[in-house]
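The values are calculated or read from the model by the stated rules, or taken from the named source; none is laboratory data. Small disclaimer: the values here were computed from a predicted structure and weren't measured. All Cβ positions, glycine included, derive from the backbone under ideal geometry; neighbour counts span all protein chains shown.
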Amino acid sequence: MSYYDDAGPSARLSMPTAGEMGGNRPAPWIRFPFFPTAPYYSTNPNVGYQVRYYSAGILSTDGDVTLGAESIRTVQFDIPCRVIAINGMFSYTALPTGNNPLARGVNPLDTFLFRAEYTTGDRLHTTARVASTVIGTAENPSEIGGTGYTIDQGGSLILGITPLALVADGGVAFRIDITLHCLEMRGSSNFVGGR
């Protein structure tokens with residue numbers, strides 16, 4: 001029996017299983033591409049779209065930044081949008097005089113952990129992971145996939161950034177930047193159309 005069978009209204013106390021969510025005609029499941037990310041666009045002619053890059057980051061000189069400890073940055077969205085991709089970078093702000101892990105070929109995205117969480121508690125990343133596994137770079141963007149990650153007007157993303165002890169080589173200053181590639185959805189705000 002499908003979760004969506006028309007058997008009339010009834011109470012359900014648990015989330016349906018994957019098998020129960022299949023359709024019933026003509027086939028229970030179809031295949032659909034996941035990459036590249038393909039966000040929904042409204043068919044309403046009064047809705048426009050604009051790409052905007054939201055960003056946040058940490059500096060080694062920030063008061064809340066400690067090696068091995070998570071620093072939180074909040075990105076506020078005033079306009080509804082869909083996050084399409086997340087990129088990041090690590091850079092020394094002064095070159096190390098001694099042991100430079102980047103000079104040894106270490107991927108800059110392997111020098112910190114990253115996670116993102118919506119203010120509703122919905123986690124895009126269920127736990128912090130080495131950044132190279134969950135975000136990309138300008139040369140190789142890390143797309144969300146599917147239709148992207150939707151954020152409503154007034155919503156925020158909480159970014160958790162944890163610099164690893166690896167970056168302390170030489171005891172120099174560093175910065176970590178995170179950029180969210182977003183597709184903003186803009187509706188009419190100064191008039192309401194007639195019907």
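Just a few scattered comments:
- Selection count where residues are loosely packed, with under 11 Cβ neighbours inside 10 Å and either modelled with pLDDT of 90 or more or under 30 Å from Gly136 (Cα atoms) (or both), scope region 19-37: 6
- Pairs, first closer than 14 Å to Val75 by Cβ and free of Cβ contacts under 8 Å to residues at least 12 places away in the same chain in region 149-169, second assigned to a strand (DSSP E or B) and hydroxyl-bearing (Ser, Thr, Tyr), C-beta under 6 Å, six or more apart: none
- Residues in region 70-128 that are more than 16 Å from Ala165 (Cβ to Cβ), free of Cβ contacts under 8 Å to residues at least 24 places away in the same chain and of a type outside the set (Val, Ile, Thr): Ala103, Gly105, Gly121, Asp122, Arg123, His125.
- Scanning region 62-118 for residues being among the β-branched types (Val, Ile, Thr), at pLDDT 90 or above and surrounded by fewer than 18 Cβ atoms within 10 Å (Cβ to Cβ) gives a total of 4.
- Of all the criteria given as (1) in a strand (DSSP E or B); (2) more than 24 Å from Thr127 (Cα to Cα), the one not satisfied by Pro26 is (1).
- Positions within region 79-109 being in contact with an Asp or Glu (Cβ under 7 Å, 6 or more places away or on another chain) and over 30 Å from Gly155 (Cβ atoms), in sequence order: Pro96, Gly98, Asn99, Asn100, Pro101
Yes or no, residue by residue, for (1) part of a loop (DSSP other than H, G, I, E, B); (2) modelled with pLDDT of 90 or more; (3) at negative phi; (4) surrounded by 13 or more Cβ atoms within 10 Å (Cβ to Cβ):
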site: Asn140; (1), (2), (3), (4): yes, yes, yes, no
site: Gly145; (1), (2), (3), (4): yes, yes, no, yes
site: Gln153; (1), (2), (3), (4): yes, yes, yes, no
site: Leu157; (1), (2), (3), (4): no, yes, yes, yes
site: Val167; (1), (2), (3), (4): no, no, yes, yes
site: Arg175; (1), (2), (3), (4): no, yes, yes, yes
site: Leu183; (1), (2), (3), (4): no, yes, yes, yes
site: Ser188; (1), (2), (3), (4): yes, no, yes, no
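- Screening Tyr40 with (1) surrounded by 10 or more Cβ atoms within 10 Å (Cβ to Cβ); (2) modelled with pLDDT under 95; (3) of a type in the set (Phe, Trp, Tyr); (4) touching a strand residue (DSSP E or B) at 6+ places or on another chain (Cβ under 7 Å) gives one miss only, at (4).
- Filtered residues of region 24-62 (kept if without any contact (Cβ under 8 Å) to a residue 12 or more places away in the chain and either under 22 Å from the mean Cα position of the chain (by Cα) or within 20 Å of Ser91 (Cβ to Cβ) (or both)): Phe32, Pro33, Tyr41, Asp62
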